[in-house]
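The values are calculated or read from the model by the stated rules, or taken from the named source; none is laboratory data. Bear in mind that the values here come from a model prediction, so they are computed numbers and not experimental data. For neighbour counting, all protein chains shown are included, and Cβ atoms are generated from backbone atoms with ideal geometry for every residue, glycine included. In case anyone asks, the SASA skips ligands and DNA or RNA and just uses the protein heavy atoms, side chains included. Shrake-Rupley method; radii C 1.70, N 1.55, O 1.52, S 1.80 Å.
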Amino acid sequence: MVSSPQVDEFQKPPARKSLLTRLAQIPWTWRITIGYLSVMLFLPLAAMFLKASTESPANFWRIATSPIALSAYDVTFTTALAAALFNGVFGTLIAWVLVRYDFPLKRLFDASVDLPFALPTSVAGLTLATIYSNNGWIGSLVAPFGIKIAFTRLGVFVAMTFISLPFVVRTVQPVLIEMDKDIEEAAWSLGASEFQTFRRVVLPPLFPSILTGVALGFSRAVGEYGSTVIIASNTPFKDLIAPVLIFQRLEQYDYSGATVIGVVLLLISLVMLLGINLLQAWGKRYG
């Protein structure tokens, strides 16, 4: 007769085999997805946090809250948010014109919206700096009024607006295409004005897509480096953005300091994107 301990030992391997079987039954799509995200996203982020953790809490706080870092955060996030909101208005207007109106060279105008996607950021920065400088086509027009665009914080705003514009247009455009125009005509027949129709009929279904475009544009603007480093003077406490500050720290072989600022930049971006996503979810539910 077999004793109970022998029965327990005999039953353990099938349990282990069952666990391995379950792991082996994970679809290949899941395995590829997890592996790709681990290599391209999770591991680099973990390495950055581990590098930043080599600094003591006191030194981490000192670097993260230094006056030049706080100024760079302000320039980066405030300007990026302003550019994203600016594009939220004018990007929606551009999408509206491209969808609702037919005009000559419409396809050319539609394709030109994607130009910031294809244009190298350094080329974009060089072009913007040339046009908006005091001797440029646009800069020379506003210079007599004491307005300087290139090599100022306003130039950073222009660069961020340029590279984030397509996100709003391309997220709003499909929603406008699918929107039934008969609903607007019904509102007009009931006596609603064009503004009332837009605010109560058109805007609610558009609002979530506008927020999505604003969030994507904001994310793109926060991480922009190539164009802003050319059109800005990169002067501390003036128009120095956080990505340029990180690069300056790397040039000084201050890898820990650059990593600390990168971690803070990442955390602030995640918090702001979470807030925008919550606002987007609220807009879908109550819009």
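Just to be sure before I move on: is Ala111 in the same structural domain as Val214 (by TED's automatic domain parsing) and either outside any helix (DSSP H, G or I) or surrounded by 17 or more Cβ atoms within 10 Å (Cβ to Cβ) (or both) in the structure I sent?
The answer is no for Ala111.
Which is open to solvent by less than 60 Å² (accessible area, probe 1.4 Å), of a type in the set (Val, Ile, Thr) and closer than 15 Å to Ala80 by Cα, of Ile241, Ile210, Ile230, Ile261?
None of the others qualify; the one that does is Ile241.
Using beta carbons and a limit of 7 Å, which pairs, at least six apart or on different chains, have the first residue in segment 137-164 and in the same structural domain as Leu216 (by TED's automatic domain parsing) and the second one of a type in the set (D, E, K, R) and part of a helix (DSSP H, G or I)?
Ile163/Arg220; Ser164/Arg220
Among the residues of segment 120-157, what is the count of those that are assigned to a loop (DSSP other than H, G, I, E, B), among the hydrophobic types (A, V, I, L, M, F, W, C) and open to solvent by less than 50 Å² (accessible area, probe 1.4 Å)?
2
Going through Asn277, Asn234 one at a time, which residue ends up being on the phi > 0 side of the Ramachandran plot and in the same structural domain as Leu81 (by TED's automatic domain parsing)?
Result: Asn234 is the single residue among Asn277, Asn234 that is on the phi > 0 side of the Ramachandran plot and in the same structural domain as Leu81 (by TED's automatic domain parsing).
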